[in-house]
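For reference, the structure discussed in these notes is given below.
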């Protein structure tokens, strides 16, 4: 029996009706609406021959035991950002559910290998600012020490919000036990960018998640009166920052998939009558190749120092956060490409700029691949997030195809 | 008898001791410290054959009647910004006081023309945001309708603060009666910029106050995910603003005294992980020549539209405030130049970027000139504001010389 992609779409619509308001999806992790979404999902499992439990980090595991303990994991996350879209995360969980259902049916409840479905806890980090919470606990990359002090905007501690959901913050590392005999992890997700739409392709094969270098950059010049200070003697911190805002673009454009973004600029004193004495900017650079990323960072830093000198300023850098590029498994990429071609005729291989739970799973040493489906206008984290219904249907079918090929691959391994 | 410039300096030091704290001068208009400064000043007048009163706008007038009603006005302002310097405004009032004292002595209390000293009320506008308050009431350019609703940061209304100082906001226009037979107005001020220091000159002759065009400029692009949006499809509002921040500089540098400043940049959403969808900037352009100012504004506007188009953005302009250039009187400029040369050997003619009460007096049709003395490091509105004592002494002597020449000029007129 093939999967019935229309079922996935009607499940997504049902979930939207249950958990969105006029401003979009409200399934923020560790909140009642998220718990409601999970309870709804658990109800869906009732007719399947599966075992279900939450692990120590709050990840929700549904297991269809196979003849072998070798395990294929399919998953994504039900949590959303506030005012989010209907597809981010939910598509991956509900497509995996339909594949699980179809596999259970095809193999009369006993497939050759074990199939597990995971709904990761708190992928978005929307409430406490710590994304990939559950998957990083699973991967053993999460150190709770750094996150213990986090609070939400009402001052509620992460620790207390977790306790409300029966999670003991001290024990989240125990989620690592779920790795078991995992042989592969597959995740279907919307692209959240405009690349596939620009190429008129419904589906894409994800090569990995880009490494990220995220820095705060401060230029120090000299605050001065805008009326009495001649142009020739100014030390304008904004001018140095403006040069850098423009220069990061050719630095990124040298590489096909690299991006560089100055997302925030703050000026001090920041008044109409004063030359900017201090300018604080942020820089976010990403690429799938660690060498490319390192060279981009070095070029941006050198440029910032040159511009500071040209403007009589100084510049300071401070790393906000970084993560290495995480390439996915070459054999699974190959299987994903075959699946996309068989269902949609052609696909495109691209890196993911946003991070995903799949990246954490890959860091645990488990072979991983992701499949993308087109996002309209590249919008996500937004109630306007959307994908054509016919593309969603192709995505569920191609993801099923990928799961079957991966089961075959793991069985022969 | 020549003026005794050392008296002016000791008066300035006395005033500083009385009205500054560890953070600088605190003579904010319509506050007890300002009233204390004015009371101190009025006490200084006790031994002189002068009449003193406040006008309807709170300007403080001290009159030494002469043989003729033809009047020379000397003045500046005792009010300061919060955490201000010891010279801005106060130098002009106390130098004028010393000139008044010397003239009274020289002419045994009866000079050939009438000499008046004015301490303008609220030049800085520090508490209610309306600068040149008293001098614009005098000039008849002040419309109270626009200012009636102003409040200070504690929510106190301008109207109520004025009433505390015995000023009826409805009657401030009556200050125009003080114009009387004014034949000239002279004001000594620190430069508040680095030009004279850069030329190693103690004194300067002010050609007028620059016109100002002050605008809010908003670039609208498209907010997008910093990780998933390729460089080629971005519509980055910050990039358009950065280009403009750099382009206003060559636009201003075409003209010897023109300045252009982008003092504030705000980015929206302004987060490290999003391409800037909206960027709000301010632009302040100044020149003494109205034609130059208009052409600079036109060039900046055209550049902003070009940059918006290049970046797939749109741009909106909104005027915050503007004032035309106010050139000073050519004959008084000539007398000022002679005075500076006689006392200091050489001087420099320059426009004033900051506005001054003198600009309002000129708008009333009274011949005006200002003299500048060097500011160290161009600093003002700051407790570090300073001028070398020997330069202050030269300034008081040259200002006395200018007053004597102007008396002669008015007597012969």
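The values are calculated or read from the model by the stated rules, or taken from the named source; none is laboratory data. Source: prediction; values computed, not measured. Methodologically, a virtual Cβ is constructed for each residue, glycine included, from the backbone with ideal geometry; neighbour enumeration extends over all protein chains shown.
Got a number for residues in the range B:171-228 being surrounded by fewer than 20 Cβ atoms within 10 Å (Cβ to Cβ) and under 13 Å from residue B:374 (Cβ atoms)? Residues flagged as surrounded by fewer than 20 Cβ atoms within 10 Å (Cβ to Cβ) and under 13 Å from residue B:374 (Cβ atoms) within the range B:171-228 amount to 4. In the condition set (1) closer than 30 Å to residue A:140 by Cβ; (2) within 14 Å of chain B (Cβ to nearest Cβ); (3) out of contact with any strand residue (DSSP E or B) (no Cβ under 9 Å at 6 or more places or on another chain), residue A:164 is compliant with all but (2). Count of the range B:1-19 residues, restricted to those that are in contact with a helix residue (DSSP H, G or I) (Cβ under 9 Å, 6 or more places away or on another chain) and under 18 Å from residue B:77 (Cα atoms), is 9.
Please state which one of A:99, A:118 is assigned to a strand (DSSP E or B), at pLDDT 95 or above and buried (at least 24 other Cβ atoms within 10 Å of the Cβ). Spell out the reasoning first.
On the way: A:99 fails: assigned to a strand (DSSP E or B).
Of the residues listed, the single one that is assigned to a strand (DSSP E or B), at pLDDT 95 or above and buried (at least 24 other Cβ atoms within 10 Å of the Cβ) is A:118.
Among the residues of the range A:267-282, just one is modelled with pLDDT of 95 or more, within 8 Å of another protein chain (Cβ to nearest Cβ) and in a loop (DSSP other than H, G, I, E, B), namely A:276.
Comparison of B:296, B:262, B:285 shows that the only residue that is more than 10 Å from every other protein chain (Cβ to nearest Cβ), farther than 30 Å from residue A:258 by Cα and in contact with a helix residue (DSSP H, G or I) (Cβ under 9 Å, 6 or more places away or on another chain) is B:296.
Applying the selection to the range B:332-347, what residues are surrounded by fewer than 18 Cβ atoms within 10 Å (Cβ to Cβ) and in contact with a helix residue (DSSP H, G or I) (Cβ under 7 Å, 6 or more places away or on another chain)? If you could, list the steps in order and put the result at the bottom.
The first filter runs over the range B:332-347 and keeps only residues surrounded by fewer than 18 Cβ atoms within 10 Å (Cβ to Cβ), leaving B:334, B:338, B:341-342, B:345-346.
Hits for the range B:332-347 are B:338, B:342.
When the residues of the range A:239-252 are filtered to those that are more than 9 Å from chain B (Cβ to nearest Cβ) and in contact (Cβ under 8 Å) with a residue 24 or more places away in the chain, which remaining residue is nearest to residue B:377 (Cα to Cα)? Among residues in the range A:239-252 that are more than 9 Å from chain B (Cβ to nearest Cβ) and in contact (Cβ under 8 Å) with a residue 24 or more places away in the chain, the one nearest to residue B:377 (Cα to Cα) is A:240. If you take the residues of the range B:31-73 that are within 21 Å of the chain's Cα centre (by Cα) and part of a strand (DSSP E or B), which of them is surrounded by the fewest Cβ atoms within 10 Å (Cβ to Cβ)? It comes out as B:61. Taken over the range B:373-395, the criterion of being touching a helix residue (DSSP H, G or I) at 6+ places or on another chain (Cβ under 6 Å) and over 16 Å from residue B:13 (Cα atoms) is satisfied by B:373, B:374, B:394.
When the range A:131-164 is filtered for residues that are in contact (Cβ under 8 Å) with a residue 40 or more places away in the chain and surrounded by fewer than 16 Cβ atoms within 10 Å (Cβ to Cβ), the ones remaining, listed by number, are A:140, A:141, A:164.
Quick one: would you say residue A:255 is more than 30 Å from residue B:378 (Cβ to Cβ) and either within 8 Å of chain B (Cβ to nearest Cβ) or touching a helix residue (DSSP H, G or I) at 6+ places or on another chain (Cβ under 7 Å) (or both)? Criteria met by residue A:255.
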